[in-house]
1. Taking the range 238-248 as the search range and keeping residues that are more than 15 Å from the chain's Cα centre (by Cα) and assigned to a loop (DSSP other than H, G, I, E, B), which one is surrounded by the fewest Cβ atoms within 10 Å (Cβ to Cβ)?
2. Determine which member of the set 83, 100 is touching a residue at least 12 places away in the same chain (Cβ under 8 Å), over 17 Å from residue 279 (Cβ atoms), buried (at least 24 other Cβ atoms within 10 Å of the Cβ) and touching a strand residue (DSSP E or B) at 6+ places or on another chain (Cβ under 9 Å).
3. Within the range 12-30, take every residue that is in contact with a helix residue (DSSP H, G or I) (Cβ under 6 Å, 6 or more places away or on another chain) and part of a helix (DSSP H, G or I) and give me the one that is surrounded by the most Cβ atoms within 10 Å (Cβ to Cβ).
4. Name, by its number, the condition in (1) out of contact with any helix residue (DSSP H, G or I) (no Cβ under 9 Å at 6 or more places or on another chain); (2) under 28 Å from residue 226 (Cβ atoms); (3) modelled with pLDDT under 95 that does not hold for residue 55.
5. Under 9 Å between Cβ atoms, which residue pairs at least 6 apart in sequence (or on different chains) link something in the range 148-166 that is free of Cβ contacts under 8 Å to residues at least 24 places away in the same chain and on the phi < 0 side of the Ramachandran plot with a partner that is in a helix (DSSP H, G or I) and loosely packed, with under 14 Cβ neighbours inside 10 Å?
6. Checking the structure you have, find out if any residue of the range 58-74 is under 20 Å from the mean Cα position of the chain (by Cα) and at pLDDT 95 or above.
7. Within the range 252-310, considering only helices (runs of 4 or more DSSP H) that don't extend past its boundaries, which have at least 2 residues that are in contact (Cβ under 8 Å) with a residue 60 or more places away in the chain and either in contact with a helix residue (DSSP H, G or I) (Cβ under 9 Å, 6 or more places away or on another chain) or closer than 29 Å to residue 29 by Cβ (or both)?
8. Sort out which residues of the range 103-115 are out of contact with any strand residue (DSSP E or B) (no Cβ under 9 Å at 6 or more places or on another chain), crowded, with 19+ Cβ neighbours inside 10 Å and either free of Cβ contacts under 8 Å to residues at least 24 places away in the same chain or in a helix (DSSP H, G or I) (or both), and write them in order of number.
């Protein structure tokens, strides 16, 4: 498929994003607004300087940028600015729906009152729909490196507040040395109240972490899951039980979990019948876009238009949209896809 034809086709597809972190979604324009609102944070308030600050150098640099953005989130206005900025970027790529990961425990630790966080999410979500036509849902996740206390407090906050749009419960942060099983009581309680289980697993650790996420945390989707390719039995299990993977290829390259898109195990996942969805993780900080993920994977793997469209369908089916909304999204994909036009 010629490059421009592929680009136009991918843009035309109505898309869903299932793995994107709210803080990590902050683009230069959003961060510029926050930096000018909070000069005490020391983040460059000049666009040219800020653009240089955002040029990814290594994982330590990513963390520096991430925590710089986190430090400027003080109240509902800052959260709403972040949410609306994300929606504007999604709309530019014809992304109609996204499930966005929010880490309440980190914001509360930073001193933001819980009602300010919730108000910012609610106001931003409403503006995202009204101004950009983008529907947002929330995943409240545990920062795993902060341990069992973070798990308990994230659960309490999620179940006590239960904001509109909250659909899932997650687990992020470093994986090595942070066992999934210790968080089992919190995931069980969350699932019993109707929240879906979507932990990160197998990004920076081996297949055993993914097995644990499935068996201990009742995972309905797996964040990343990159290392599943090393375990044929796990590939077969994920395929048989239709447990989708939230694959973030550029993120995996940038954090050096894989050497290149060509070396990414996404081909092996697809060949084994695993449900693969494409996502961006922390897009501006890794120089990624969702359209770019589709283009990179399609080009590298030599996918036909019909196969690219199926990746978009996977994300819709794996989402926690209700049945009518899924049907509408799938019809939109069919409308621009080979064999349906």
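The values are calculated or read from the model by the stated rules, or taken from the named source; none is laboratory data. These numbers come from a predicted model, not from an experiment. Glycine gets a Cβ as well: all are built from the backbone with ideal geometry, and neighbour counts include every protein chain shown.
1. Looking at residues that are more than 15 Å from the chain's Cα centre (by Cα) and assigned to a loop (DSSP other than H, G, I, E, B), I get 241.
2. From the options 83, 100, the qualifying one is 83.
3. That would be 25.
4. (1) is the only condition that residue 55 fails.
5. Once the first residue is free of Cβ contacts under 8 Å to residues at least 24 places away in the same chain and on the phi < 0 side of the Ramachandran plot and sits in the range 148-166, its partners that are in a helix (DSSP H, G or I) and loosely packed, with under 14 Cβ neighbours inside 10 Å give 160/114.
6. Checking the range 58-74: at least one residue is under 20 Å from the mean Cα position of the chain (by Cα) and at pLDDT 95 or above.
7. Result: 283-286, 290-301.
8. 107
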